[in-house]
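First the structure, in the form of structure tokens, and then the observations on it.
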Amino acid sequence: MSQPDLHNIMHNKRLSVAPMIDWTTTDYRFFARLFNPHTYLYTEMISTSAILHGKTDRLLRFNSSEHPLVLQLGGADLNEMTQCAIIAQERGFDEVNINVGCPSDRVQHNKIGACLMAEPDTVANLVRHMQAEIDIPVTVKQRIGIDEQDSYQFMQEFVAASAEAGCQRFIVHARIAWLKGLSPKENREIPPLRYEDVYRLKQEMPELKIEINGGIETIDQIKTHLQQVDGVMIGRAAYHNPYILAEAMQLWGEQCPSREQILDSLYPYLEQQVARGEALTSLTRHFLGLFQGLPGARKWRQALSGKPYLSLDEIKAAGDAALQQIEQASQADIAKE
Ligand SMILES: Cc1cc2nc3c(=O)[nH]c(=O)nc-3n(C[C@H](O)[C@H](O)[C@H](O)COP(=O)(O)O)c2cc1C
């Protein structure tokens, strides 16, 4: 594969991996970090009640390699959110993000997530109080609108309120959320993407850092968006095809690591997890996309999923087999030329 021309186009720009419940666990984030040292990684959304009354240590655990790392909070209670922001700073997170984008019934019931877009003053108040107590930045991840409140003006006013309260970075999922009638999954697919609204927000509020999110899957798409805004956040593509994070190294003018190098760094981590008593079967789901789009992909996925027990040796054998299959396919291609 020929290397692209390498120039750093990321001065003051960001590439982030989106918060995704049940997906962006500490194990996934450790894995994601192996592809690219520059990306901002996000935790899953963690509710304030889970942090304050649950298994806090387990929920907030992370590996030092995960930095820069953002804790995403789900909540709306001023005291609880402020307490959790302080905890985030004490535990060493680099930023705290408020979830104003999740449309699930459960979060709506608790009056958190996307329904908070209808309450710009509530969110602004959260930003103001949280930011007053901590030095790390408080940011907002939101939609472009909700239900009938779908005009550019509505979004702009929402952002202006939190900006006035001290938030300087907004990550905007460029779709409205329909709070009634669509599942969270449908809400990531059905409402049309309106990237132009996010570009306009940056043009009209150039002093803010605006990051765009939603449906971004290729390096070319990332480059296009970076011409308009300060950052790109990718979610599903980074999970299903994590090697995109390695390919993105070209944005920093750097070479990307090979899949073999990624595996070599992953194995010692897996060894550690076994030593801590973790079952490898509960981690491997995060690694299934490593060979996405390549000849060894299916066998790798089959070897890693649906097993009651998996040893590290079995994972290594599956990795070797996939790498070998790719090598054979590339030899066959060369022979054809
Ligand atoms: C499985 C899954 C879980 C998600 N959980 C969260 C979450 O905890 N917090 C959040 O703000 N967004 C969550 N999202 C939305 C993503 O952060 C992102 O905004 C959305 O997937 C659109 O980006 P994409 O098209 O690049 O995937 C989730 C998405 C998926 C697929």
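Read the figures in this text as sums done on the coordinates, not as results from a lab. Computed from a prediction, not measured in an experiment: that's the story for all the values here. Methodologically, a virtual Cβ is constructed for each residue, glycine included, from the backbone with ideal geometry; neighbour enumeration extends over all protein chains shown.
A few notes on this one:
- Percent of C-alpha pairs per 5 Å bin, segment 290-332, short to long: 5, 26, 30, 21, 11, 5, 2, 0
- Each 5 Å bin from zero up to the one holding the largest Cα-Cα distance in segment 117-196 carries the following percent of pairs: 3, 16, 25, 21, 16, 12, 6, 1.
- Working note: Karplus 6.51/-1.76/1.60 with θ = phi - 60° gives segment 215-232 the couplings x, 9, 10, 10, 5, 4, 5, 4, 4, 4, 5, 5, 6, 10, 10, 8, x, 10 Hz, where Gly and Pro are set to x.
- For Ile21, residues with placed amide H under 5 Å, excluding near neighbours: Met45
- Selected from His53, Met155, Ile212, residue furthest toward positive end of dipole (the chain; charges at beta carbon): His53
- Ranked packing of 157-170, 305-318, most packed first, by mean Cβ within 10 Å: 157-170, 305-318
- Estimated 222 nm signal from helices in the chain, with DSSP H stretches of n ≥ 4 weighted -39500 (n - 2.57), rounded to 500: -13000 deg cm²/dmol
- Bridge type composition, the chain - antiparallel percent by DSSP, nearest 5: 5 percent
- Across segment 145-157, rounded Karplus estimates of 3J(HN,Hα) from the backbone phi angles (6.51 cos²θ - 1.76 cosθ + 1.60, θ = phi - 60°) give x, 9, 6, 6, 7, 10, 7, 4, 4, 4, 5, 4, 5 Hz, Gly and Pro being marked x.
- Environment charge at Val96 (Cβ cut-off 12 Å; Lys +1, Arg +1, Asp -1, Glu -1): -2
- Cα gyration tensor shape for segment 209-337, rounded if a/c is under 1.5, else prolate or oblate: oblate
- Calculated Rg and Dmax of segment 158-225 using C-alpha coordinates, Å: 13.4, 37
- Summarising the overall dimensions of segment 30-105 from its C-alpha atoms, the Rg and Dmax are 12.6, 38 angstrom.
- Those lysines that a straight Cα-Cα span of less than 28 Å connects to Lys223, excepting residues fewer than 8 apart in one chain: Lys13, Lys141, Lys185, Lys202, Lys209
- Size of the chain as Cα extents on the principal axes (Å, biggest first): 62, 46, 39
- Sorting the Cα pairs of segment 66-205 by distance into bins of 10 Å, from 0 upward, gives 13, 44, 34, 10 percent per bin.
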